[in-house]
Amino acid sequence: MTPIGRRIVWFLIAILSLGLFLAGPALALTEKFLWDNAVEARKKFMADTKAQANREKWQAVIDRYLRVVQNFPSGEKADQALLTAGDLYQQMHKRSQRSADLDNAIETYQKTARSFPNRSSGAAAQLRIGEIFLNQKKDTDRAYRELLKVELNHPKSKTEVAQARKLMARISGSNKTAGKDEPPAPPAPAKPTAASAGKPTKPGAESPAAPKVAPAKDPAEGGPIRVTRLRHWQNPSYSRVAVDLDRPVTFEGHMLRADPKLKLPMRLYLDLENAVIGPGVRDEIVIADGFLSKARLAQYDAKTVRLVLDIQHIENYRIFSLDNPFRIVIDVTGETPPAVLAGGPSTSPSEKSPTAGPPAAGAPEGPAGDGKPSGSDVPAAGEGDKEPLQDLRETALKRPKTPRGPARGGATDQASLARQLGLGIRKVVIDPGHGGKDRGTAGPSGLKEKDLTLKAARLLAEKIQKKLGLETVLTRTKDEFLTLEERTAAANTLAADLFISVHANAHPSAKVNGLETYILNIATDQEAMRVAQRENAASNKNMSDLQMILGDLMLNSKINESSVLGNHVHRAMVRGAREKTKDVRDLGVKQAPFYVLIGANMPSILVEIGFMSNKAEEKRLMSEEYLDRLTDGIVEGIRQYRDSIKKSG
């Protein structure tokens, strides 16, 4: 071969080699290749007991499965890979006994269930979460809720649904055979009426009764308790229903699965004892927001009012009561189905102009209904004797809660969705505390808190619009009374990015003064508890109960983000106040169970702009110049928080 020929051959070989080199990775990174690689690595690892003593080697195997998901998030093996990664975290925890490993397993299972609701791995992952809380964390309350999600979110996964029902039956102490669609039900008696003799068996009678809540007054002290109003708010990820009564009531909650034979949807219902529906109260609200189709009231019998929520799709719910006036609040959360977002009916107050603020108390919250009596398909006696999905126990009251997301500055352990996606702040809801018949506290000269907070909130809203270019909405624009749940509901329905509630403080000692900022959490000191009790207008017992159940009413990421927001706002507020008034005390960022912050779907804080019980501080708060500096500081804190989100994005 001539020298030229040899050069041509070597050139062709080089080109071919380069092509194979470049194509190699592309050919290798197929889903099957990555999956087989992970399976083989796991097989070798599980056969090597010495290697299992090394945490890094555990993580290396887990990372191989996660690589499948990262490269092929919608692939055929993605769900199995994610589920297996969760299993490996759980196996690692059995050896290490480190809580972080178990938390990683739960987080991985949650991602599996959320990402693959229509695959068997999604249901299996949700079942595993329930088993972890039941068997390892010994939290039967949480375990029941997680197991309930197997049927709520993965109804087609019959095997996992049957296993979840069996475990729920074990938790509830039910003697029924779990796993069957419906056990035989006794013949249903005639539907009770006000004239019926005797009280029929209530739904869920064969399972342990739900503990009584908020003991009602003796009937002799004023006759039956009256239901005075039914209300509703919503946004794309949230529905809130509230029932107002003229005084505290004892109530029980239950969940029933759908009954195709009777064409009844899954239902959440509450029985309100020694109660009647008051005159003129609307007994039905058509909601149809993707979570709930209707909320209905009916006189179940002469002494019981039943509230029924017809469920379309939910991921979680929570029930709590508030005082002054007494009302029961049910929050339902989840991800709205695309069909609803695309143009389904809406009854949200957010359809109104933002400048109009939230609906006035007592205003209608949706269509008047379809003309069908709200009690016409309320579960009758007998129907409830079928196996209930859940008795809504208040076992949270029986065990202490660990505070989550302490109020401190610095980086968060779990970034919010806004930080993950680099989203900016667009809308801020500002809540002037108190109003109307609720004057709040008052200063020595007669200045009322409700007037001061409205003035400060108006000034703050104007500055946020001018200086930051953000949309602002006030929960009230005049001297009117709003219940605490209406305030966060307004923020949720308006899809606010931040919620700031403005208040002024008071103390038995006239010497106490200073600025403080609060986030929602379990109180860590008596003074924080005292402030929360005053702002909530709540009794010692109600505050104690709220402390116990608070952990089930909060999302950890919102607490962390609220803490970051609170620190930014508080530091800037103190700096602004001290520009010309050096003796302003900094009382710090604290945490306490404020009703007005419960259920907020966005970072939320409550600012106490001074002690009106202190004569010098009241005088400062009456000064236009001081209030101007104070609100300038709050605006600067919001700016800093907004900038921190942009940087992290």
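A short reminder: the numbers here are calculations on the coordinates, not readings from a lab. These figures come from a predicted structure and were not determined experimentally. So basically every Cβ, Gly included, is an ideal-geometry build from the backbone, and we count neighbours across all protein chains shown.
Some notes on this structure:
- Full extension of the chain between Phe481 and Arg426 yields a length gain of 17.1 nm, computed as 0.36 nm times the residue separation minus the alpha carbon distance.
- The label point for Lys466 and the one for Lys303, both projected 7 Å from the Cα toward the Cβ, are 6.2 nm apart.
- The residues neighbouring Tyr626, those whose beta-carbon lies less than 14 Å from its own, together hold a net charge of 0 under the Lys/Arg +1, Asp/Glu -1 convention.
- Modelled label positions at Leu262 and Ala53, each set 7 Å beyond Cα in the direction of Cβ, lie 6.2 nm from each other.
- Relative to the current alpha-carbon distance between Arg247 and Ser293, full extension at 0.36 nm per residue lengthens the span by 13.7 nm.
- Entries in Lys467/Lys646; Lys455/Lys580; Lys43/Lys111; Lys294/Lys427; Lys149/Lys261; Lys77/Lys149 that, when Cα-Cα distance is taken, lie over 26 Å: Lys294/Lys427
- Distance between the 7 Å Cα→Cβ label points at Asp36 and Ser96: 3.1 nm.
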